[in-house]
Structures are given as C-alpha cells and as structure tokens.
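The values are calculated or read from the model by the stated rules, or taken from the named source; none is laboratory data. As the structure is a computational prediction, the values presented were derived from the model and not from experiment. Cβ: placed from backbone, ideal geometry, glycine included. Neighbour counts: every protein chain shown. For accessibility, only protein heavy atoms count, side chains too; no ligands or nucleic acids. Shrake-Rupley method; radii C 1.70, N 1.55, O 1.52, S 1.80 Å.
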Amino acid sequence: PAEASRRFAEAYRLGPNLDSAVRSWGAAQAAGQQPDPALLDDWLKRNPDDVRAQRVAGDLFFAAGLTDRAQRSYESIIEVQPKDVPALNNLAWIYGEAGDVRALQMADRVLREAPDAPAVLDTVGWVQLRLGDKAKGAALIERAAAAAPDVPDIQYHKAVALMETGRQAEGRQLLESLLASGQPFPGRDDAA
C-alpha cells in the first residue's frame, strides 16, 4: 500500500485528477500512514467549484481529524447547495466541537432539512447538550438512540446526555453495557 500511495501521487503529479488523489490517500491509510492532504488541497485549489471533490475531500479530512480542512470543504458545499444535509450536519458537529456558537445555527438548519434522521438528531442533540439547552439536547439524542439502537457512538451520546440531565444511574448502566460490548466508538476512552 505504501508503494501504491507513492505511485498514485506520482500519477497525480503527471496528470492531476481527483481519482489519483483519493487513491493515494486510501493507499496511505491502508499502509498505516498518515495521508498527506497536499494532493487533495491542490485539486481543490484547481477546482474550487467541484462540489463532488469538496464532499470527498471534506469526508476524508473529517475522518482523519483534519477539521480545519473539512470545515472549509463543507462550507464550500453549502455555499452552492445550502440545504445539503451531510455538509450541514458535519459543519454543526465541527463548530460544536470547537465551541463555536455557529453550531447552534447550523444545527437548526440541518434539523429543518432532516428532522427524523438519526445522525442529524444525534448531532443536533449533542450540539444542544454542549452549547445550548441540555434538556432539548437530551431529548433529541434519545430520539436518535431509539432510531439507531445499534450505533455505539449515538448510544454513548445518550449515556452522556442521561448523566448530564441528572439520570446518572441510567447513564452509567448504558456506559457499562457499551464498554462490555467491545464495539469501537469515538468516545470509548472517555466512557471508560
């Protein structure tokens, strides 16, 4: 995979295209390396209005924890497609994790577009729990958890919401159950 990543990067340099940039990124990940965002950055600079490229890059950046880059990609998407649910949802999350009050505005926007989507309910609930109305946030997260009972990160958010709204015993029981399941989820270390 490391050699494949280098070869895709070279292919990109010879003839820049999104496919080579993405394949280089994926091969680097498969090799256990931190992907270099330079190729995707270059493609986005060359093609700033390519919404597909902004989405692909945003999702790759977001998954890799490169939130500044992901934020720029998602903001570019909603300039062109202001009702794009994945971009709005991920921006709400990114802003919320940064403590940015724009998270509440973005959360309201995405909730209007997808009021029953578990991922949206979870994100909006988490943003509300962290920056807004804890009771409203907990209610939204509980709806998300009921709709997606097998999604451990949503269940983790439910446990946190329960604990932050005075239902410590229920929250603790859910955390113990999640940890005992052995399933990976982003908040696993915090849960432990």
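Simple point charges give the picture: +1 on the Cβ of Lys and Arg, -1 on the Cβ of Asp and Glu, and for segment 108-179 a dipole about the Cα centre of about 220 debye. Computed log10 I(q)/I(0) for segment 135-192 at 0.13, 0.25 Å⁻¹: -0.27, -0.99, from the Debye equation with unit scatterers placed on every C-alpha and solvent omitted.
Average accessible surface for the chain: 52 Å² per residue, computed with a 1.4 Å probe over protein heavy atoms with every protein chain in place. Our estimate of slack between VAL101 and GLU113, defined as 0.36 nm per intervening residue step minus the Cα-Cα distance, is 2.4 nm. Of the solvent-accessible surface of segment 1-131, computed with a 1.4 Å probe over protein heavy atoms with every protein chain present, carbon and sulfur atoms account for 50 percent.
With viscosity set to 1.306 mPa s and temperature to 10 °C, compute the Stokes-Einstein D of the chain, Rh being the Kirkwood radius across alpha carbon pairs; µm²/s, no decimals.
Values: Rh = 17.9 Å.
Value of D from the Cα-based Kirkwood radius: 89 µm²/s.
The packing ranking, built from the mean of other Cβ atoms within 10 Å per residue, places the peptides 72-83, 51-62, 120-131 in the order 120-131, 51-62, 72-83, highest first. Could you give the Stokes-Einstein D for segment 62-101 in µm² per second, using the C-alpha Kirkwood radius, 37 °C, 0.692 mPa s? For these conditions, the coefficient is 327 µm²/s.
Estimated at 0.36 nm per residue, the fully extended path between GLN183 and ALA64 surpasses their Cα-Cα distance by 40.9 nm. Rounded to the nearest 20, the size of the Cβ-charge dipole of the chain about its Cα centre is 100 debye, with Lys and Arg at +1 and Asp and Glu at -1.
Computed from the alpha carbon positions, the gyration tensor of segment 1-43 leads to an equivalent ellipsoid with semi-axes of 16, 10, 7 Å, biggest first.
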